[in-house]
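The values are calculated or read from the model by the stated rules, or taken from the named source; none is laboratory data. In this text the structure is predicted, and so the values were computed from the model without any measurement. Positions of Cβ are backbone-derived with ideal geometry, glycine not excepted, and every protein chain shown enters the neighbour counts.
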Amino acid sequence: MTTAAPITPITPAQKRIAERLVRGRTNSEIAAEGHLSGATVTSHIRGMRRSLRCPPRSSRPVLAHALLLHRQVPVPSLSVVRPSFAADEDQRRLLTALAEHSALADIAKAAKITPADVKASTEDLVRAAGVANATQLVGWGHALGLLGADAEVVPSSSTAVGEGAAR
């Protein structure tokens, strides 16, 4: 998660990379699309984390969430999301957990699932939404208003850990 400290706006070069990152591109894909070296992409991503006050080892979905939350990049298009997909309460809880936490145990706790179920539940949610990965899923969550300042709060549930996970 990001801290409450004020952010430093990202540079134009970082913004070009960030726009691709929130669309779920890998470092290799970003480098190829931008005619950059992998080291340059990695360096810019490191700089974005510093600017947004994200921990150095924060996950890509957490970084994408911070970029979108702080309006450093535009919300991505919904054209890739399956039009028939509507996230249920458990899926929304997992989406929020992925956007706000990097550590597996923290994601599991926030999503109210077991740590052993995080990977499979995330893969199932990514597949159900029709996106490439969890980072792109976070961008999609912002585009649909499920994440961000205007997001509707996911109600707490009495669902036991491991039950109702996105499978």
Does residue 58 meet the test of being among the polar types (S, T, N, Q) and surrounded by fewer than 19 Cβ atoms within 10 Å (Cβ to Cβ)?
no
What's the number of the only condition in (1) touching a residue at least 40 places away in the same chain (Cβ under 8 Å); (2) among the basic types (Lys, Arg); (3) surrounded by fewer than 16 Cβ atoms within 10 Å (Cβ to Cβ) that residue 71 fails to meet?
(1)
Looking for something closer than 18 Å to residue 147 by Cβ, surrounded by fewer than 18 Cβ atoms within 10 Å (Cβ to Cβ) and out of contact with any strand residue (DSSP E or B) (no Cβ under 6 Å at 6 or more places or on another chain) - is there at least one such residue anywhere in the range 26-42?
no
The residue that is surrounded by the fewest Cβ atoms within 10 Å (Cβ to Cβ), considering only those in the range 77-129 that are hydroxyl-bearing (Ser, Thr, Tyr) and under 16 Å from the mean Cα position of the chain (by Cα), is 77
Could you please let me know if residue 106 is part of a helix (DSSP H, G or I), closer than 19 Å to residue 128 by Cβ and among the acidic types (Asp, Glu)?
no
Sort out which residues of the range 122-142 are outside any helix (DSSP H, G or I) and modelled with pLDDT under 95, and write them in order of number.
130, 131, 132
Scanning the range 37-65 residue by residue, those without any contact (Cβ under 8 Å) to a residue 12 or more places away in the chain and assigned to a loop (DSSP other than H, G, I, E, B) turn out to be 37, 56
